[in-house]
Amino acid sequence: MINNPKEALDLIEYEKVRRERKLNQKTVYVCVGTGCTAKGALKVYAEFERIIAEKNLAISLNKENDHEEDQDPVRKTGCCGRCSSGVLVTVLPWNYMYANVTVRDVEEIIDKTLLHGEPIERLMLTDPITGHKVERLEDADFYKHQNLYIMEDIGKCECDSIEDYMGRGGYSSLIKALSEQTAEGIIRTMKEAGLRGRGGGGFPTGVKWEATRKSPGEKKFVVCNGDEGDPGAFMNRTLLERDPHSVLEGMIIAAYAVGAGKGYAYLRAEYPIAVRMFNKAIEDARRLGFLGKNILGTDFSFDAEVKEGAGAFVCGEETALLASIEGKRGVPKPKPPFPAQSGLWGFPTLINNVETYANAPKILRDGIESYRSRGVEKTPGTKMFSVTGPLKLNGIIEVAFGTTLRQIIYDICGGLVAGKELKAIQIGGPSGACLSEEFLDLPLDYDTLKSVDAMVGSGGIVAMTTDNCMVEVARYFLDFTKRESCGKCAPCREGTYQAYKILEKFTQGKATYEDLENLEYLARIIKTASLCGLGKTAPNPILSTLKLFREEYVAHIEGKCPSGMCTAFKKYRINPELCKGCGLCARSCPQNAISGERGKPFMIDEEKCVKCGLCVEKCKFKAIELVH
């Protein structure tokens, strides 16, 4: 237990020296983020430990190191971003990074690289643009074009170690806040830095902190919103897994600034690794005296705990989230009053996103100028994005605000896989917008995206190609939001359902021009009249696709799906010149829609055909053709 700020600073200086020593040792860092764990990272980690113990290499690898606590040559690190390349392994001190590592590769890595420093070319990262192998993380284009700020030290930081976090300067900002700064001074720093909330809205963080501090109340709370429910978005999960203490330190600093004594981290139960990591971070911080009563010997007391969400998308909305923490049904409330005025159990409550809290300690530690040197004037700093789709590389990235979609898609992710052509970019989650290619050079920041009726949102980016139907895309996302509606207000509850039914008519080939008019009118009503952000943004996929891809809606009315994605517009026919009359297609058809005599060309009954395509798969002579 640390009893005063000076003792804490001395420990941090010791951990910095210790960390520097470890980075110069022969060490293996295995990524154990969710993506790599799903591909067998824990088995790879266990195999490293087994072989090193079996060969008694722990001490001989670093003979010059007489610090017993630092002699473990295998360590766990958090997500490195290249989720499609896992399991990722970094070998120090050479900083070699290996991709797609399996248990079978472990002994070779130990024998060649860990013992003798020889790189293994077949395991090296492959640059998707040049096709060349790169030895080190910093040499890969995927990382070269990023601006790593809160994701610094990728591949060589221990995700489950408070000592390693302190060795990177962690908790020095908290010490500085408690010993050198006033609450008002911290809030002023956040304002001058221009930190904006990373949860989607981009509200000025300092203003929110100030409002909470000024609100009267015998109790105050700090809440971390880690309820990341957008399909295709996993930035919060990644940050909680790779650097939980950065988020926790930000919460403690925020609590000191607003005068709160208790905090809650509301995390999705579907994130078991993140939940486990953050619980451990809380325990370790409490053990050393960064949490609890009279933190570091001061009169400031604060404690935190994890609350697991049950997976309701609407609980990402702050008032619904607070209701869930209280044990009530997670439904939004009208505002005002805002949570800063009346939140948990009626007391002033500060709510910020995971990424927002992680930025606060960095700003206090590295300074305002360092933070503002990234990004653009009105939106300084960086943003984490999760990028998915038929790209050469998928995963988590961090870029400065103002970076364009073109830079992300082509410079960082290497462009589309062979045979695919870009059609649209979906940004901002299921409540975001679908942007066409003409917006590829649009700077990504809150205000610029808002000017084209799009939003940063949670930070999800999905690349879509010419074989994607934009009407079906709108239907898909609306299907999600209608199911996630809490049902409290009629515009969202009834409106999203009716809009979905109209979109279904389009994808089933039953829509009319009147349906097109009704769909647009209904989408605007839902956007205007809904109670909370879920309903107000739910129509965005409809409105953006109507604005930029209206011709596809018209084509569906006229009996054609331009992309060929909607099965209702597909027609299969058997080419009599290629058909051998074997009857295999007829025997495999689940609807008995194919008939004929053996030795003669068969025929498809279009009334019975459900366009499943099974006959196409079974035909050995490629006699069945798809007619759009």
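Pulled fully out, how much extra length does the chain show between E438 and D366, if you take 0.36 nm times their separation in residues and subtract their Cα-Cα distance?
Value of the extension gain: 22.2 nm.
Modelled label-to-label distance, V417 and R188, 7 Å Cα→beta-carbon offset: nm?
Roughly 5.5 nm, to one decimal.
Collect residues whose amide H, placed 1.01 Å from N in the peptide plane, falls under 5 Å from the amide H of G263; neighbours closer than 5 in sequence don't count.
Residues meeting the amide H criterion: V222, D303, A304, E305.
Which shape class applies to the chain: rounded if a/c is under 1.5, otherwise prolate when a/b exceeds b/c and oblate if not, where a ≥ b ≥ c are the square roots of the Cα gyration tensor eigenvalues? Each step should come with its number before you reach the end.
Working: a/c = 2.35, a/b = 1.35, b/c = 1.73.
Verdict is oblate for the chain.
Determine the relative contact order of the chain: mean sequence separation of Cα pairs under 8 Å and six or more apart, normalised by residue count, in whole percent.
Numbers: 1282 pairs, mean separation 72.3, N = 628.
With pairs under 8 Å counted, the relative contact order is 12 percent.
How do the peptides 28-36, 10-18, 541-549, 42-50 rank, highest first, by the average count of neighbouring beta carbon atoms within 10 Å per residue?
Details: 28-36: 26.2, 10-18: 15.2, 541-549: 22.3, 42-50: 18.9.
With the highest mean Cβ count within 10 Å placed first, the list reads 28-36, 541-549, 42-50, 10-18.
What is the distance in Å between the Cα centroid of region 584-619 and that of region 210-232?
59 Å
Per DSSP H run of n ≥ 4, the term is -39500 (n - 2.57); total these for the chain, divide by its residue number, and report the mean residue ellipticity at 222 nm rounded to 500 deg cm²/dmol.
Result for the chain: -11000 deg cm²/dmol, rounded to the nearest 500.
Which far-off residues, 5 or more places away or on another chain, put their amide H under 5 Å from the one on V87, with H placed in the peptide plane?
N100, V101
Is region 385-488 best put as rounded, prolate or oblate by its Cα gyration tensor, with a ≥ b ≥ c the root eigenvalues, rounded for a/c under 1.5, and otherwise prolate when a/b is larger than b/c, oblate when not? Provide the component values of the computation, followed by the final result.
On the way: a/c = 1.76, a/b = 1.26, b/c = 1.40.
Since a/c reaches 1.5 but b/c is at least a/b, the shape of region 385-488 is classed as oblate.
When the Karplus curve 6.51 cos²θ - 1.76 cosθ + 1.60 is applied with θ = phi - 60°, which whole-Hz ³J(HN,Hα) does each residue of region 115-126 get, with x for Gly and Pro?
Values per residue, Gly and Pro as x: 7, 10, x, 8, x, 10, 4, 5, 9, 5, 4, 9 Hz.
Put one equal scatterer on each alpha carbon of region 511-590, apply the Debye formula with no solvent term, and list log10 I(q)/I(0) at q = 0.21, 0.23 1/Å to two decimals.
-0.99, -1.09
Over region 19-140, what is the relative contact order in percent, taking alpha-carbon pairs closer than 8 angstrom and at least six residues apart?
It rounds to 29 percent for region 19-140.
Ranked highest first by average number of other Cβ atoms within 10 Å, how do 113-120, 51-58 line up?
Per-residue mean Cβ counts within 10 Å order the peptides as 113-120, 51-58.
Show me the ranking of peptides 176-185, 408-417, 524-533, 424-433 by mean Cβ neighbours inside 10 Å, starting with the highest.
Put in order of decreasing packing, that is 424-433, 408-417, 524-533, 176-185.
Going by Cα centres, region 529-566 and region 442-503 are how many Å apart?
Between the Cα centre of region 529-566 and that of region 442-503, the gap is 9 Å.
Take every Cα pair under 8 Å in region 570-627 that's 6+ residues apart, average their separations, divide by the length, and report that relative contact order as a whole percent.
48 percent
At R0 = 51 Å, how high is the FRET efficiency between R50 and D303 if r is their beta carbon distance? Nearest 0.05 is fine.
Working from the Cβ atoms, E equals 0.85.
Please label the shape of region 170-372 as rounded, prolate or oblate, based on the square roots a ≥ b ≥ c of the eigenvalues of the alpha-carbon gyration tensor (a/c under 1.5 means rounded; beyond that, a/b larger than b/c means prolate, else oblate).
rounded
Once both labels are modelled 7 Å past Cα along the beta-carbon direction, what's the N518-N95 spacing in nm?
Each label point lies 7 Å from its Cα, and together they span 6.2 nm.
Which values, in whole Å and largest first, are the semi-axes of the equivalent ellipsoid of region 546-597 obtained as the square root of 5 times each eigenvalue of the Cα gyration tensor?
34, 11, 8
Quick one: H132, H245, fewest Cβ neighbours within 10 Å first, how do they rank? Walk me through the numbers before you get to the answer.
Values: H132 13, H245 27.
Fewest-to-most ranking of H132, H245: H132, H245.
The numbers here are math on the coordinates, done by the rules we state, and not lab data. All values reported here derive from a predicted model rather than from experimental measurement. Neighbour counts run over all protein chains shown; Cβ positions are idealised from the backbone, glycine included.
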